[in-house]
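Q: Dropping a structure here in structure tokens format, bear with me for questions.
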Amino acid sequence: MLIAILPLARLAVIIPKPVTCAALKNQYKVSNNGYYSLYDHTNKPHLAFCDFQSDPGFAWTLIESLSLTHARTSTFRKSFYYNVPSNECTPNWSNYRISKARMIAIKNAASSTHFRATCNFNSDSEKGLSDRRNYLRVSFCAYGLFLQSRNRWNCAVVDYINIRGTSCSKCSIPLYSNGINHLHTNVPYARKICGRFNVPNPTSNEQSFGHYSGAINRQFSCTESSSSTTNWWIGGAFFD
């Protein structure tokens, strides 16, 4: 009896193209902050800024960065529910926001577990941030309304928040966003509801991390000057 032994077909190993900076880190072990190619929902490459250094164990994809001047315009005083891309192909720090479709792809990626807001991220320094003063980090599990528009305050247990040197971890703060309000928290209101996060000496109706239609506090680094920037990111843990 003749027995033919046929070679086994080689199985092609398909490496998925990275959608997020966290996926890029996990696949290619890059470590320096900078501009990298990621892939959108149509599998097309696009340029994105990645931060691997400022938050140990996390990799972050920049989704929006606005100067105070641009953040106060009606164009950007909107929740992430609204599609208002700006300079999407040329990431920058003063006038940049990715499209909603690209944002959804990044948020829905398996590597994305958190979002955060920072002030005046410095792409020229090794780490980008010298400390976590004026900083917000929240898990999507704790706040599932990131891409929604809600006409009421919603409490979220944050990983960490710091406003003007006052900080807390695993505390509850109010977040708000709708068609005329960028996602943000309100310092005086946070003292009254949710976990009653008490930041001293707030200005009247002081707003933090993105929506600055009312009074601002020059001691908050995102609003120190017209060129100060607020930076929003989506990220997740990486594995060395």
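The values are calculated or read from the model by the stated rules, or taken from the named source; none is laboratory data. In this text, all values refer to a predicted model and were calculated from it rather than measured experimentally. Cβ placement follows ideal geometry from the backbone for every residue including glycine, while neighbour counts extend to all protein chains displayed. Heads up: the accessible areas ignore ligands, DNA and RNA and are worked out on the full protein's heavy atoms, side chains in. Shrake-Rupley method; radii C 1.70, N 1.55, O 1.52, S 1.80 Å.
Q: Take the Cα of ARG191, step 7 Å along the line toward its Cβ, and report every residue of the range 151-171 whose backbone nitrogen sits under 18 Å from that point.
A: 162-168
Q: Enter the accessible area of SER86 (Å², nearest 10), with the probe set to 1.4 Å and all protein chains included.
A: Per-residue accessible area (SER86): approximately 20 Å².
Q: Report the local net charge at ASP240: Lys and Arg +1, Asp and Glu -1, summed over other residues whose C-beta lies under 12 Å from its C-beta.
A: Counting the neighbours of ASP240, the net charge comes to +2.
Q: Go ahead and estimate [θ] at 222 nm for the chain from helices alone: -39,500 (n - 2.57) per DSSP H run with n ≥ 4, summed, over the residue count, rounded to 500.
A: That comes out to -2500 deg cm²/dmol.
Q: Then there's this: For the range 1-152, calculate the relative contact order in percent as a whole number, restricting contacts to Cα pairs under 8 Å that are 6 or more residues apart.
A: About 20 percent, as a whole number.
Q: What is the sum of charges around ARG164, taking Lys and Arg as +1, Asp and Glu as -1, for the other residues whose C-beta is under 14 Å from the C-beta of ARG164?
A: +1
Q: Over the alpha-carbon set of the range 106-227, divide Rg by the Kirkwood Rh and report the Rg/Rh ratio to two decimals.
A: 0.94
Q: Same structure again: What whole-number value in Å² describes the accessible area per residue of the chain for a 1.4 Å probe?
A: Here the residues of the chain average 48 Å² of exposed surface.
Q: Could you identify which residue out of ILE104, ILE163, ILE15 has the top mean-square fluctuation in a GNM of the chain using Cα springs shorter than 10 Å?
A: The residue with the greatest mean-square fluctuation here is ILE15.
Q: At 20 °C and 1.002 mPa s, grab the translational diffusion coefficient of the chain from Stokes-Einstein with a Kirkwood Rh over Cα pairs, rounded to a whole number in µm² per second.
A: For the chosen part, D equals 115 µm²/s.
Q: Using the Karplus curve 6.51 cos²θ - 1.76 cosθ + 1.60 with θ = phi - 60°, work out ³J(HN,Hα) for each residue of the range 182-196 in order, rounded to whole Hz, and write x for Gly and Pro.
A: Couplings: 5, 3, 6, 10, 10, 5, x, 5, 4, 6, 10, 10, 6, x, 6 Hz.
Q: What pairs in LYS25/LYS107; LYS17/LYS100; LYS25/LYS127; LYS29/LYS170 have C-alpha atoms more than 22 Å from each other?
A: As for pairs spanning more than 22 Å Cα to Cα, those are LYS29/LYS170.
Q: Using θ = phi - 60° and the Karplus curve 6.51 cos²θ - 1.76 cosθ + 1.60, what whole-Hz ³J(HN,Hα) does each residue of the range 109-116 get, with Gly and Pro shown as x?
A: Each residue of the range 109-116 in turn: 5, 4, 7, 9, 10, 9, 10, 8 Hz.
Q: While we're on this one: Show the residues, 5+ positions off or on another chain, whose built amide H is closer than 5 Å to the amide H of ASN95.
A: Hits under the 5 Å cutoff: SER67.
Q: Next question, about the same structure. Taking all protein chains as present, what is the carbon and sulfur share of the accessible area of the range 158-240, in % to the nearest whole number, probe 1.4 Å?
A: Carbon and sulfur: 46 percent of the exposed surface of the range 158-240.
Q: Would you tally the net charge around LYS127, using a Cβ to Cβ cut-off of less than 10 Å, leaving LYS127 out, and scoring K and R as +1, D and E as -1?
A: -4
Q: Could you tell me which of rounded, prolate or oblate describes the range 175-216, using a ≥ b ≥ c as the square roots of the eigenvalues of the alpha-carbon gyration tensor, with rounded for a/c under 1.5 and, failing that, prolate when a/b is larger than b/c and oblate otherwise?
A: It comes out oblate by the Cα gyration axes.
Q: Quick one: grab the alpha carbon gyration tensor of the range 44-133, order the square roots of its eigenvalues as a ≥ b ≥ c, and give me rounded if a/c is under 1.5, else prolate or oblate depending on whether a/b is larger than b/c.
A: Oblate shape, in that a/c is at least 1.5 and b/c is the bigger or equal ratio.
Q: So how exposed is HIS184, as accessible area in Å² (1.4 Å probe, rounded to 10)?
A: We get 10 Å² for HIS184.
Q: Something else about it: With all protein chains present, how much of the accessible area of the range 67-115 (probe radius 1.4 Å) comes from carbon and sulfur, to the nearest whole percent?
A: 53 percent
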